[in-house]
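K.L.:
My structure is below; once you've seen it, I'll send some questions.
The values are calculated or read from the model by the stated rules, or taken from the named source; none is laboratory data. Model, not experiment: these values are computed from the prediction. No Cβ is skipped: glycine too gets one built from the backbone with ideal geometry, and neighbour counts run over all protein chains shown. We work out accessible area using only protein heavy atoms, side chains counted, and drop any ligands, DNA or RNA first. Shrake-Rupley method; radii C 1.70, N 1.55, O 1.52, S 1.80 Å.
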Amino acid sequence: MSAQLLDGKLISAEIIDEVRSQVDARLALGRRAPALAVVLVGDDPASAVYVSNKKKACERAGFRSLSYEFPASLSEADLLALVEKLNADPSVDGILVQLPLPKHIDAEKVIEAINPLKDVDGFHPYNFGRLALKMPLLRPCTPHGVMVMLEKTGVDLVGKDAVVVGASNIVGRPAALELLLARATVTVCHSKTRDLADKVRAADVVVAGVGIPNFVKGDWIKPGAIVIDVGINRLDNGKLCGDVEFEPARERASWITPVPGGVGPMTIAMLMRNTLDASINLNP
Ligand code: GUN
């Protein structure tokens, strides 16, 4: 068997176009376009690419995007002051501070400073807590994108065994909460997990987000399982690859996400969705 591909580029484009039509409908009613403020500190090349893709998506969605770019020497106090200014600005609906931040800035402090109603990344403890309590408001973009892809398979997740590989705040933990919300039986694996291969072998759904190329071996995948690969790793030869050994996993899975063109574009689509939702919540 060879798995069907979950085309993140296509699904993402559909979602952004849907957001665009909602924006157009609101404009026709005299509302203003949603506005997203994107803050980039330092010169991490991967972050620069992500931020540029986010700005392009804003254009496609019909949003206003505000860009704030600073050298890595920006002080924590100055970044917190900018966040406060954006919190207080009624013309701004969403605030995104690109991670990672330079080491001298406490990222948790910055995330907690963002007004939770403008936290379109869904990283604030308020939004994370709401997801944990089965009452999500602004949902973390990447795990939300994973769930939309899982929906596209048409497979009912209720009671399925889902294994999440990786327990990061951005991917693994919120993905586990999303899968639990969808009533799957969830196992979260991390660097101290014993017998990882056996756990993956038992999974109907595998979500991998560890940031290590080809970490999940293809022959661990249960025949017919769904494989969602959140990893985007750059190899020495310049090519991108995921956390899952793609070709052998594809032979066994029923559905699989490619890298690139899988979960990556979904993160941006869900960011657009969150920004529209934040804008509607703030200006009904
Ligand atoms: N760095 C890597 N992924 C993300 C993301 O989804 N949001 C932000 N703000 N930073 C990131």
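K.L.:
Filter segment 148-168 for residues that are within 15 Å of the ligand (Cβ to nearest atom) and surrounded by 22 or more Cβ atoms within 10 Å (Cβ to Cβ) and give the result.
P.N.:
The one that is within 15 Å of the ligand (Cβ to nearest atom) and surrounded by 22 or more Cβ atoms within 10 Å (Cβ to Cβ): Gly166.
K.L.:
Taking Leu86 as meeting all but one of (1) free of Cβ contacts under 8 Å to residues at least 60 places away in the same chain; (2) over 17 Å from the mean Cα position of the chain (by Cα); (3) open to solvent by 20 Å² or more (accessible area, probe 1.4 Å); (4) within 15 Å of the ligand (Cβ to nearest atom), write down the number of the exception.
P.N.:
(3)
K.L.:
Which of the residues spanning segment 60-86 are among the hydroxyl-bearing types (Ser, Thr, Tyr) and part of a loop (DSSP other than H, G, I, E, B)?
P.N.:
Ser73, Ser75
K.L.:
Okay, moving on. Just give me the residues in segment 119-144 being touching a Pro at 6+ places or on another chain (Cβ under 8 Å) and open to solvent by less than 10 Å² (accessible area, probe 1.4 Å), in sequence order.
P.N.:
Matches in segment 119-144: Gly122, Asn127, Leu131, Leu138, Pro140, Pro143.
K.L.:
Tell me, please, whether a residue that is in a loop (DSSP other than H, G, I, E, B), in contact (Cβ under 8 Å) with a residue 24 or more places away in the chain, more than 16 Å from the ligand (Cβ to nearest atom) and loosely packed, with under 15 Cβ neighbours inside 10 Å can be found in segment 98-118.
P.N.:
yes
K.L.:
Among the residues of segment 17-38, is there at least one that is in contact with a strand residue (DSSP E or B) (Cβ under 6 Å, 6 or more places away or on another chain), over 17 Å from Val92 (Cα atoms) and surrounded by 17 or more Cβ atoms within 10 Å (Cβ to Cβ)?
P.N.:
No, the conditions are met nowhere in segment 17-38.
K.L.:
While we're looking at this one, here's another question. For Leu40, are the conditions met, namely being within 15 Å of the ligand (Cβ to nearest atom) and over 30 Å from Ile256 (Cα atoms)?
P.N.:
Considered against the rule, which asks whether it is within 15 Å of the ligand (Cβ to nearest atom) and over 30 Å from Ile256 (Cα atoms), Leu40 comes out as yes.
Matching residues to (1) at pLDDT 95 or above; (2) within 16 Å of the ligand (Cβ to nearest atom); (3) surrounded by fewer than 19 Cβ atoms within 10 Å (Cβ to Cβ):
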{"residue": "Ala184", "(1), (2), (3)": "yes, no, no"}
{"residue": "Lys192", "(1), (2), (3)": "yes, no, yes"}
{"residue": "Asp195", "(1), (2), (3)": "yes, no, yes"}
{"residue": "Gly211", "(1), (2), (3)": "yes, yes, yes"}
{"residue": "Asp219", "(1), (2), (3)": "yes, no, yes"}
{"residue": "Val227", "(1), (2), (3)": "yes, no, no"}
{"residue": "Pro248", "(1), (2), (3)": "yes, no, yes"}
{"residue": "Arg252", "(1), (2), (3)": "yes, no, no"}
{"residue": "Ile268", "(1), (2), (3)": "yes, yes, no"}
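K.L.:
Being free of Cβ contacts under 8 Å to residues at least 24 places away in the same chain and open to solvent by 50 Å² or more (accessible area, probe 1.4 Å) is the filter; apply it to segment 47-71 and report the residue that is nearest to Ile105 (Cα to Cα).
P.N.:
Restricting to residues being free of Cβ contacts under 8 Å to residues at least 24 places away in the same chain and open to solvent by 50 Å² or more (accessible area, probe 1.4 Å), the top hit is Val49.
K.L.:
Something else about it: Determine whether segment 230-238 contains at least one residue that is on the phi > 0 side of the Ramachandran plot and at pLDDT below 95.
P.N.:
The answer is yes; a qualifying residue exists.
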